[in-house]
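One structure is given here, and the rest of the page talks about it.
The values are calculated or read from the model by the stated rules, or taken from the named source; none is laboratory data. Remember, predicted model here, so these are calculated numbers, not experimental data. Neighbour counts are summed over all protein chains in view; Cβ atoms, including those assigned to glycine, are modelled from backbone coordinates with ideal geometry. For accessibility, only protein heavy atoms count, side chains too; no ligands or nucleic acids. Shrake-Rupley method; radii C 1.70, N 1.55, O 1.52, S 1.80 Å.
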Amino acid sequence: MKPRISLKIEYLKQLQEERGISDAALASMASLNPSQIWRVKEGRCNPGPDFIAGLLNAFPDKNFDDLFFFSQAFASMPRTR
């Protein structure tokens, strides 16, 4: 299995609800297409670099680890020093 980055979908939904941000508004804030937001939130595709950068720009008070995680396959790989 290839290493991948995934969105913390439930956390994003919670953020949107708390802040009153629709998917369309989030897409605008992140300079993304609303369909990109939908596809990633539905698990139909993984977030790419533009999606990741867009979400981090849309939520400047959050960091990468708040919104995303590495797949288990990546996390279990040995670290090099």
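Name the one entry in L15, L67, L7 that is touching a Gly at 6+ places or on another chain (Cβ under 9 Å), at pLDDT 95 or above and not small (G, A, S). Let's see the steps before the verdict.
Details: L15 fails: touching a Gly at 6+ places or on another chain (Cβ under 9 Å); L67 fails: touching a Gly at 6+ places or on another chain (Cβ under 9 Å).
Testing whether each residue is touching a Gly at 6+ places or on another chain (Cβ under 9 Å), at pLDDT 95 or above and not small (G, A, S) leaves just L7.
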> If you check every pair at least six apart or on different chains, which have Cβ atoms under 7 Å apart with a residue in region 2-19 that is more than 18 Å from R39 (Cβ to Cβ) first and a residue that is open to solvent by 70 Å² or more (accessible area, probe 1.4 Å) and in a helix (DSSP H, G or I) second?
Replying inline: P3/F74
> So which residues in region 34-60 are surrounded by 14 or more Cβ atoms within 10 Å (Cβ to Cβ) and outside any helix (DSSP H, G or I)?
Replying inline: N46, P47, F59
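Residues of region 8-38 being in contact with a helix residue (DSSP H, G or I) (Cβ under 8 Å, 6 or more places away or on another chain) and among the small types (G, A, S), which ones? Write out each step before concluding.
To start, the set of residues in region 8-38 that are in contact with a helix residue (DSSP H, G or I) (Cβ under 8 Å, 6 or more places away or on another chain) comprises 8-9, 11-13, 16, 21-24, 26-27, 29-34, 36-38.
Matches in region 8-38: S22, A24, A27, A30, S31.
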> Is there any pair with a first residue in region 25-47 that is under 14 Å from F59 (Cα atoms) and a second that is open to solvent by 30 Å² or more (accessible area, probe 1.4 Å) and assigned to a helix (DSSP H, G or I) whose Cβ atoms are under 6 Å apart and which are 6 or more apart or on different chains, and what are they?
Replying inline: A27/P34
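Which members of region 1-33 meet the condition of being of a type in the set (G, A, S) and either open to solvent by less than 80 Å² (accessible area, probe 1.4 Å) or in a helix (DSSP H, G or I) (or both)?
Step one: filter region 1-33 for residues of a type in the set (G, A, S), giving 6, 20, 22, 24-25, 27-28, 30-31.
Correct list: S6, G20, S22, A24, A25, A27, S28, A30.
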